[in-house]
Each structure stands twice: as structure tokens, then as C-alpha cells.
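Inspection log for the structure reproduced underneath, given as C-alpha cells.
Taken together, the values in this text are just the output of simple stated rules run on the coordinates, not laboratory data. Not measured: the values here are computed from a predicted model. Glycine also receives a Cβ, built like all others from the backbone with ideal geometry; neighbour counts cover every protein chain displayed.
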Amino acid sequence: MADFSFNDLLERRDVDLGSSRLVRHDWRALEAWRYSRTRFEHFVSFQKFGNSSPYRGAKIAFQFLPMGGSNSLFVGAHKILDEWESPPELRQPKLYDPTSKYEKDDTLHFRYDLERLETFEDLVGRVVIDWGAGTRAWSQWAARREKPILEMRAIQQDDAFPGFSAFSSTIEEVSFLPQGWQGALASVRGVYLLVCPKTGEQYVGSAYGEDGFMGRWLSYAANGHGGNRLLITRRPVNYLVSILEIASPDMSTSDIVHRETAWKTKLGSKAHGLNAN
């Protein structure tokens, strides 16, 4: 698939690349998508005022979600019918969902009438592309950016769990992982690593509760620090999270804590990182 790009696919379906934008949304859109497509389309019908709109000047938007690294999943194409800015009690977008929790209760958002492009419905949830090194540029003109197609799935499906040693995520994304992944992470205990994305500083922790890694990481997602003394004093950040060691089923809590201490020493996270003890 590496020799076939998303632009090739668009051109075969008679899409004008010059008036089309590729939009790679963040974890908030991923959360909305995993709740329902209706909620996702509500979410992407609003864009924050003051930033450069991802849809400005385009006739069609091709929507993508992050999958880890630069891999991105295609989740729909929308015609851009109209754009405006108005108070919430007035006109709402065409794909507005009154049950959505993503209410925009101020005037600081552009609003869009979007309409599904039916000719791409057969590819929703099936095409995986490499967004490339420019992941920070979340909205790009299709004509200027070739995106290699990495995978064309037979059916819509969640990604296969990569395995504990290869797993990586961020604290904010943990609660939005596929249910199968969450079940796997809740089933095991062990030692994990948090890395500050701003400074590179490391924190080594252990998960030995009933819900394993998931239970421990959700506590960080809830308050940003998980009750850790040194992290409480820091400004909340979206830590990168990975697994250092899986505990065997016969390991006691004290055994796991002992392994945690060994990893702190090995990585120097107490002397030079974020571990207070």
C-alpha cells in the first residue's frame, strides 16, 4: 500500500484536490467518535474562533483520527456547505446533536453546515494513512500533501492490541482506548513509566490494584497527578505512558513495589526525575 496515496484514491473518485482539506483531529474528537458518529459530527461542526479554521476556503473536508505516532484513520468526508458565527440561541449546524455534551455555549466558535459525502462512506473506518512528520499541522490542503496509504481494511475494526511491551499512549487518551485494549491493561499488574512531554523527566510507578494498569492510569487522568507527592506540585501535563515490566500472577504487592524500586534506580528517576521517594 505504500506506493498508493490518499490523493490517488481521491483522484480516482473525481475529487478536486485543490479545494479539499485533510483534517487530523485530536483525542477529543477520538473520544466523540468512540461514543457515536453523531457526536463526532456534532463536535467537528464547531471550530474555535481566533484560530485558523481547518475548513477555511475548502469545499470538502476529509476527516482523520490519531492512531498513535503519525498513523491516522479515515472517518468520513464532508461537504462544507456554510460557515458562520452566531450566538447559541440562534442557528445551529446541520449536524447539531442536542444530546451531545460538547455544547458550545459562547460566541467564540465558527459553526459549519457539514454534509456527508456519500461516495466515501464505504471507506469510513477502513483506510489508514501515514500523516507524516508534520503532525502539528492538523489541517492541510490535499493538493500539497501526499499521504501514503498504509492499510486498507476489509471491514471497520479497532486496531489490534500491540502487546504490553510495545504499548504506549498518553494519560488523556487512556480512557478512550478500545474496550479490548482496556480489558487487557486492566488484567495485569506491574511497573510503568510516565514521561513529561515538555521536559523529558521520568516517573516510575507500580500498578498492583484490582484493575491493574488501567485502574492506576485512570487516577492520573482524573486529577493529573494520581496522588503522587511530587506530581501534585507540578503543573498538570499530558504524560506519555508505557509499561516497563509485567508482574507474574504469583507476585505479591511487596514484590511489585520492589521491582518498582529497582526500575527507579536503573533509570535514575529519583535522583534526576519525578520520583520523590
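Packing, taken as the mean count of other beta carbons within 10 Å per residue, orders the peptides 215-227, 182-194 from highest to lowest as 182-194, 215-227.
A crude spin-label estimate for the pair residue 86 and residue 126, with each label 7 Å from Cα along the Cβ direction, gives 3.7 nm.
Can you classify region 93-250 as rounded, prolate or oblate using the Cα gyration tensor, where a ≥ b ≥ c are the square roots of its eigenvalues, rounded means a/c under 1.5, and otherwise it's prolate if a/b beats b/c and oblate if not? It is prolate, given that a/c is not under 1.5 and a/b is the larger ratio.
Normalised radius of gyration (Cα atoms, divided by 2.2 N^0.38 Å) for region 6-152: 1.00.
Close amide-amide hydrogen proximity is noted between residue 95 and 114, each under 5 Å apart and 5 or more residues distant or on a separate chain (H modeled in the peptide plane; Pro and chain starts excluded). Between the C-alpha center of region 217-238 and that of region 194-214 there is a gap of 10 Å.
Using 0.36 nm per residue and subtracting the Cα-Cα separation, the extra length available between residue 38 and residue 211 on full extension is 59.2 nm. The ranking of 78, 258 by Cβ neighbour count inside 10 Å, starting from the fewest, reads 258, 78.
Please state the relative contact order of the chain as a whole percent: Cα pairs under 8 Å, 6+ residues apart? RCO, the chain: 17 percent. Each Lys and Arg contributes +1 and each Asp and Glu -1, all at the Cβ; summed about the Cα centre of the chain, the dipole is approximately 800 debye. Shape analysis of region 168-267 yields a ratio of the Cα radius of gyration to the Kirkwood radius, Rg/Rh, of 0.94. When the chain is treated as a GNM with alpha-carbon contacts under 10 Å, the residue of 170, 253, 99 showing the greatest mean-square fluctuation is 99.
Take the Cα of residue 251, go 7 Å toward its beta carbon, and the backbone nitrogen atoms of region 175-195 under 17 Å from that spot belong to 184-194.
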